[in-house]
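Here the structure comes first, spelled out in structure tokens, and everything after it is commentary.
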Amino acid sequence: METNDLVARLAVDAAPVRRLPSPAVRVVIWLAISAPVVLAVMVLMSSGVPLLLVLFDRQFLIEETAILATALTAAFAAFWSVIPGAERKFLLLPLVPLAVWLTSLGEGCVRDWFSVGVDGLQLRLDGDCVVPAALMAIIPTAAMLVMLRRGAPLVPRATLALGVLAVAALGNFGLRLFHLGDVSVMVLFWHFGSVLLLSLIAASLGRSVLHWRHRVRLART
Amino acid sequence: MRLGRPAAARKLTPPTIGYSVDESSEQDVDESSEQDQRLVRLMRSAQAGETAAYAQLLNEIIPLLRRAVRRQRAFLQPPDVEDLVQDILLSLHEARATYDPGRPFLPWLMAIARNRVADGARRYMRRSANEVVVDKLPETFPGDDPNTPGEVFGDPEALRLAMKGLPRGQRDAIEMLKLREMSLKEAAVTSGASIAALKVAVHRGMHALRKSLGKA
């Protein structure tokens, strides 16, 4: 097809478009969709452990704040990454709260080691949180994917990894609130580890999930 | 927080109007700014669904895109450049909701262009990784016959006459095993001859055919 013909066809197809809101507004929209789901699962699956007991735990508060900040900054960076011309340095934002979370967990591991000994660093299989985590993730993941696909897939691997990081961190934030009493090494391995693993898997799938749709259409014709 | 404006605008200025160090640099900056403002207006109208503005916008950016692609991929042939330009136009069309008219247009456009050019290079590398360029296609067999691309048929009338000249046993064996492609077992059942006898008859018949057709 000649370029002039393509221009004519695109111009005919130029229906009015709804502009994407700014990344910050999109984070609020995503949170408005996702937070009620996380809250609902929390209420339904809560084991009745009084939250007040841990609300005064300094380490718990630092970690929860860092996890929530990771979710918010990762969502912001994901929405930022689908805007052409936006500076890439903001994609690194989630690294700051992630580092805080990791540092706090490391500090907790050392404290457990000193206070309990080697027993404080023992890992055990714990499948209790798998079902609530999955339930918490479904709607936020779907919302995130729909919102990301409205943007331009310029760095699809990074975009999807950040989107999944946001979902996993938000789910983890809710999970920690009713899955209390774990030693730091368990949280480090199962919670932090699963968040990172999911993000890495998402990064590997980025190009398959987020792509320019016209290329797919062209490939099919 | 604003999406990075001044630095990005400087970095992504299209190739026609750069920030050169000569005396006309200030004039170039003004021209670039004017051009960008015009494109912003056109894009705003295009987002509202104005077909004429969209067509004008696309026509104005095509030369910029051609130059940008040529500058990044100087080795490309004109049709390949045109393919990339069309890919960029299609991507722009798909991503036009992401443009914020409060921001400059050209950095937004050039970010898409860079992405499509890089993607084109990745596709090219993937394709060429599975291709081997050779001056001459390698031969699979030393003889000419197996390397002949199409099947060459001889004279069917000569073959018919040569078949007619064969003894009945050989002719029947060739008909059953070579022309009707029966198995040795089926041919043995049909003719009542043994498998060994059929093999001998076919071998002798083929030898006689080659001899009479001049290929022995």
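The values are calculated or read from the model by the stated rules, or taken from the named source; none is laboratory data. It should be emphasised that the depicted structure is a prediction, and the values quoted were computed from it without experimental measurement. We place every Cβ from the backbone using ideal geometry, glycine too, and count neighbours over all the protein chains shown.
B:P78 passes every criterion in (1) at pLDDT below 90; (2) away from chain A (no Cβ under 12 Å) apart from (2). Taking the range B:169-216 as the range and being basic (K, R), closer than 23 Å to B:G154 by Cα and either part of a helix (DSSP H, G or I) or at pLDDT 90 or above (or both) as the test, the residues that pass are B:R171, B:K178, B:R204, B:R210, B:K211. When A:G206, A:G163, A:G127 are checked against the criterion of being in contact (Cβ under 8 Å) with a residue 24 or more places away in the chain and either more than 18 Å from A:A74 (Cα to Cα) or within 14 Å of another protein chain (Cβ to nearest Cβ) (or both), A:G206 stands alone in meeting it. Is there a residue being surrounded by 15 or more Cβ atoms within 10 Å (Cβ to Cβ), polar (S, T, N, Q) and modelled with pLDDT under 85 anywhere in the range A:162-174? No, the range A:162-174 contains no residue that is surrounded by 15 or more Cβ atoms within 10 Å (Cβ to Cβ), polar (S, T, N, Q) and modelled with pLDDT under 85. Restricting the range A:58-102 to residues that are among the charged types (D, E, K, R) and surrounded by fewer than 17 Cβ atoms within 10 Å (Cβ to Cβ) leaves a set whose member that is farthest from A:L145 (Cα to Cα) is A:R58. Among residues of the range A:1-16 that are farther than 16 Å from B:I88 by Cβ and at pLDDT 85 or above, those with a Cβ under 7 angstrom from a residue that is aliphatic (A, V, I, L, M) and in a loop (DSSP other than H, G, I, E, B), sequence gap 6+ or separate chain, pair up as A:P16/B:A48.
Looking at the range B:106-120, which of its residues are surrounded by 14 or more Cβ atoms within 10 Å (Cβ to Cβ) and out of contact with any helix residue (DSSP H, G or I) (no Cβ under 7 Å at 6 or more places or on another chain)?
B:W108, B:A111, B:R114, B:N115, B:D119
Of all residues in the range B:45-75, those being more than 8 Å from every other protein chain (Cβ to nearest Cβ) and more than 16 Å from A:V17 (Cβ to Cβ) number 16.
Does any residue of the range B:22-43 turn out to be within 8 Å of chain A (Cβ to nearest Cβ) and buried (at least 19 other Cβ atoms within 10 Å of the Cβ)?
No: zero hits.
Note on the range A:17-30: residues that are of a type in the set (A, V, I, L, M, F, W, C) and in contact (Cβ under 8 Å) with a residue 60 or more places away in the chain total 3.
How many residues are buried (at least 20 other Cβ atoms within 10 Å of the Cβ) and of a type in the set (S, T, Y) if we restrict to the range A:5-47? Selection size over the range A:5-47: 1. Considering (1) at the interface with chain B (Cβ under 10 Å from one of its Cβ atoms); (2) under 18 Å from A:G174 (Cα atoms), the lone condition that A:P97 does not fulfil carries the number (1). If the condition is being more than 7 Å from chain A (Cβ to nearest Cβ) and surrounded by fewer than 20 Cβ atoms within 10 Å (Cβ to Cβ), then the range B:82-99 contributes only B:D83.
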